[in-house]
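A.B. asks: Before anything else, here's the structure in question.
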Amino acid sequence: MHDPRIIVALDFSGAQEALQLARKLKPHLCRLKVGKELFTAAGPQLIEKLRTMDYEIFLDLKFHDIPNTAASACRAAANLGVWMVNVHALGGRRMLTAVRDAIPHGSTKLIAVTLLTSMDQNDIADIGLQGEPEQVVTRLAKLTKDCGLDGVVCSALEAVSLRQQFDADFCLVTPGIRPTVDQQANDQKRIATPQQAMRNGASYLVIGRPITQADDPISVLQKIQQEIDGI
Ligand code: C5P
């Protein structure tokens with residue numbers, strides 16, 4: 001079975017643009033990520049359309065709620081037939097256990113966001129979390145693993161130490177990727193090339209603008225795929 005490592009972030013405001021890009025890409029080369037903006041605008045119908053085009057979907061809605069509500073939301077997401085769904089690890093042990101129980105192993109992959117990469121030391125102190133961001137990330141990743149989830153979202157830099165602590169089957173999904181040909185960081189602070197991220201232990205790379213804003217998205221996608229082939 002094919003298992004493309006690249007997840008293209010469909011950060012668009014509506015279905016039309018998303019479908020236009022999906023038609024230019026190929027499902028054997030990438031999966032697609034649908035986030036809060038696009039899903040709020042275009043809903044389950046869009047997921048269905050992308051699935052009929054043979055794409056596997058990462059539904060990036062980062063659920064964070066009381067255990068019962070988060071579990072029901074994850075179940076509803078899994079019922080859409082998506083490949084991957086996520087929650088915030090900050091929802092805590094009981095929420096993580098409830099969402100795990102709601103989705104059987106081996107169907108939809110269930111991962112957690114540890115700390116948003118937009119948060120720095122001051123932000124985490126403000127909300128009363130102790131330690132450096134890296135320590136908080138490690139603590140939340142361990143909690144996620146402990147509760148039986150399939151992996152975490154993390155930066156390519158955090159992937160190094162997380163990969164040392166977790167087996168290869170624990171998914172590390174890394175955004176903030178910038179190909180060597182396109183070192184435009186946009187608003188990303190800490191970036192890595194696709195090769196660096198894979199060598200650091202990433203399982204899947206989330207890539208948005210370098211592909212979505214390219215003149216020829218499929219050729220950028222193919223080039224990145226070639227660069228990481230065999231790593
Ligand atoms: O365009 P770009 O490659 O920066 O897009 C990255 C995608 O990954 C966006 O959808 C963004 O919301 C998401 N993301 C991120 N950093 C995180 C988590 C998700 O950039 N820590």
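A.B. asks: Past 25 Å, Cα to Cα, is the threshold; run K24/K223; K49/K145; K24/K145; K62/K223 against it and keep the listed order.
C.D. replies: Values: K24/K223 15 Å; K49/K145 33 Å; K24/K145 36 Å; K62/K223 30 Å.
Over 25 Å Cα-Cα: K49/K145; K24/K145; K62/K223.
A.B. asks: Taking Cα centroids, how far is the stretch 1-40 from the stretch 201-231 in Å?
C.D. replies: 12 Å
A.B. asks: 7 Å from Cα along Cα→Cβ at both R190 and K223: what's the point-to-point distance in nm?
C.D. replies: Taking the simple label geometry, R190 and K223 are separated by 2.7 nm.
A.B. asks: Taking the Cα centre of the chain as the origin, how large is its charge dipole in debye, to the nearest 20, when only Lys and Arg (+1) and Asp and Glu (-1) carry charge on their Cβ atoms?
C.D. replies: Dipole magnitude for the chain comes out near 340 debye.
A.B. asks: Now for a separate question. Run the simple label-point estimate for K62 and D120 please: 7 Å along Cα→C-beta, distance reported in nm.
C.D. replies: 1.8 nm
A.B. asks: Also, quick follow-up: Taking one equal scatterer on every alpha-carbon of the stretch 1-73, how large is log10 of I(q)/I(0) by Debye at q = 0.26 1/Å?
C.D. replies: -1.18
A.B. asks: How much accessible area per residue does the stretch 1-115 have, counting only protein heavy atoms and a probe of 1.4 Å, in square angstrom? Please report the intermediate quantities before stating the final value.
C.D. replies: On the way: 5220 Å² over 115 residues.
On a per-residue basis, 45 Å².
A.B. asks: Where in the stretch 71-88 does the amide nitrogen come within less than 16 Å of the point 7 Å from the Cα of T97, taken along Cα to Cβ?
C.D. replies: Only 71 pass the distance filter.
A.B. asks: From the backbone phi of the stretch 136-142, what are the Karplus-calculated ³J(HN,Hα) couplings (6.51 cos²θ - 1.76 cosθ + 1.60, θ = phi - 60°) in whole Hz, Gly and Pro given as x?
C.D. replies: 5, 4, 4, 4, 6, 5, 5
A.B. asks: Cα centroids of the stretch 117-194 and the stretch 59-107: how far apart, whole angstrom?
C.D. replies: 19 Å
A.B. asks: At 1.4 Å probe size, with every protein chain present, just tell me what the per residue accessible area of the stretch 124-192 comes to in Å².
C.D. replies: Values: 3520 Å² over 69 residues.
Result: 51 Å² per residue.
A.B. asks: Would you work out if the chain is rounded, prolate or oblate? Take a ≥ b ≥ c from the square roots of the eigenvalues of the alpha-carbon gyration tensor; rounded if a/c is under 1.5, else prolate when a/b is larger than b/c, oblate otherwise.
C.D. replies: Numbers: a/c = 1.59, a/b = 1.18, b/c = 1.34.
Note, shape of the chain comes out oblate.
A.B. asks: Determine ³J(HN,Hα), in whole Hz, for all residues of the stretch 151-165 in sequence, where each value follows from phi through the Karplus function 6.51 cos²θ - 1.76 cosθ + 1.60 and θ = phi - 60°; x replaces Gly and Pro.
C.D. replies: For the stretch 151-165, the Karplus-derived couplings read x, 9, 8, 8, 6, 4, 6, 5, 4, 4, 6, 5, 5, 5, 8 Hz, x marking Gly and Pro.
A.B. asks: Which of K24, K33, K109 moves most in a GNM of the chain, Cα contacts under 10 Å?
C.D. replies: Ranking K24, K33, K109 by mean-square fluctuation puts K24 first.
A.B. asks: Rounded to the nearest percent, how much of the accessible area of the chain (1.4 Å probe, protein heavy atoms only) is carbon and sulfur? Let's see the in-between values first.
C.D. replies: Working: 5290 of 11100 Å².
Within the chain, the accessible surface is 48 percent carbon and sulfur.
A.B. asks: Just grab the label-to-label distance for R23 and Q45, each label 7 Å out from Cα along the Cβ direction, in nm (one decimal).
C.D. replies: The two pseudo-label positions are separated by 1.7 nm.
The values are calculated or read from the model by the stated rules, or taken from the named source; none is laboratory data. Just so it is clear, the model here is predicted, and its values are computed rather than measured. Every residue, glycine as well, gets a Cβ built from its backbone with ideal geometry; the counts of neighbours run over all protein chains shown. The accessibility values were calculated without ligands, DNA or RNA, using every heavy atom of the protein model including side chains. Shrake-Rupley method; radii C 1.70, N 1.55, O 1.52, S 1.80 Å.
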